[in-house]
1. Using Cα-Cα distances under 8 Å and only pairs 6 or more residues apart, what relative contact order does the chain have, in percent?
2. If each Cα of segment 152-192 is one equal point scatterer, what is log10 of I(q)/I(0) from the Debye formula at q = 0.15 Å⁻¹?
3. Quick check: residue separation of residue 115 and residue 345 times 0.36 nm, minus the Cα distance between them. What number comes out in nm?
4. Pairing the Cα long axis of helix 18-30 with the longest principal axis of the chain, what angle in degrees results, from 0 to 90 and rounded to the nearest 10?
5. Hull surface divided by four, with the convex hull built on the Cα atoms of segment 321-396: how many nm²?
6. Counting residues in segment 5-131 as N, plug N into 2.2 N^0.38 Å and put the Cα Rg over that result.
7. Let me understand the chain better: what is its radius of gyration from the alpha carbons, and its Dmax, in angstrom?
8. Antiparallel DSSP bridges in the chain: what percent, to the nearest 5?
């Protein structure tokens, strides 16, 4: 029985016995692993300098450098690589020496293929546990929003049906929708219903990645690859091996990284910065953006071939104003989260008058805005019944209703002055910035734009005011 794809390892084998070299070169790929065979210790070190390996199987007695000497340098060159030592002279001293220098374990020659397979399986399990822990840390830092995709409106029922169809597959999915509609939550729902649900889920905010380090963050780098690279770094695609990577704000990636992403999607191979040899990872990719990728293609800001590659399936999340019937259910769910109490204990706290006010609001910030409003209301209510006065002023104000010109001419109310799209956008931007106390990174994150884009819009607003004044 072949090893599952997600347990495939990159193996470096070093031994001066030609028969063993040929045996490993033939048998390890049959077990599902990639293998590089070296005849001595020096060539093994050169291979470690050129590429990245999950495990190195080293004969203790080799010409030039011994397996122990290679092991000492391996821990400096590639600390994440596990080492298994082969010895023809078993004994307690050998075992102690191997483990003292950081070996994963050792095998006694002649060893059977089944023994090697069991040892590699243990390495794979350790690697998966490490990756899961790293991914869990990242998920805990990035966790926000409701924990389930809530909504029973016709629009959301269609989303649920589509997710249930595509989740069990390995297809790439593009999730579209305005800021705050729950794109990451939709991605997590796909992940939770997939066959990879026990493996890592790694969310990546592409807009928050440093432009100079984005390639390193996604694909990793070797020690010394650039100034400040003082150690090997595993990229997020490697951390997610066997699981799922969620690329949020995909439209913020520059054209250079788009090319590398396309290459990965087509080949399954990644190359660390500073390395010449690529290696395979088994990762499902989910993408999301609130930008119009087709318009970006026309403006030569996004690659058309990448767009077609990621758009195997497309899910469009409706804005909250387009599914107002979901607002009461969502509000109660988000109130439960804000109160950190079960839903049945807080459901009655939301009064009909407060629900009416919520239904009247247009929700430019969508579900994310509703989550903030419910937290605000819960705090002001002191944990009691939530009334309209506990809601923010912006929510208590009724929607403006346009009055036809004919009605105004016949003595009706005058229509409100028309506002441009830019004015509406800037008003919302300033409101979010004020909510975060002037914290631009936090405001940019809520708005779903990069920090650079936020600064550009603020500069644009300053210029508009100068011209107006």
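Where a number appears in this text, it was derived from the coordinates with a stated rule and is not lab data. Since we're looking at a predicted model, the values are computed, not measured.
1. This gives 12 percent for the chain.
2. Each listed q maps to, in turn, -0.34.
3. Between residue 115 and residue 345, full extension yields an extra 77.2 nm.
4. Between helix and principal axis, roughly 30 degrees.
5. It is 4.2 nm².
6. Cα-based Rg divided by the globular estimate yields 0.95.
7. For the chain, the Cα-based Rg and Dmax read 28.1, 105 Å.
8. Beta bridges within the chain, antiparallel portion: roughly 10 percent.
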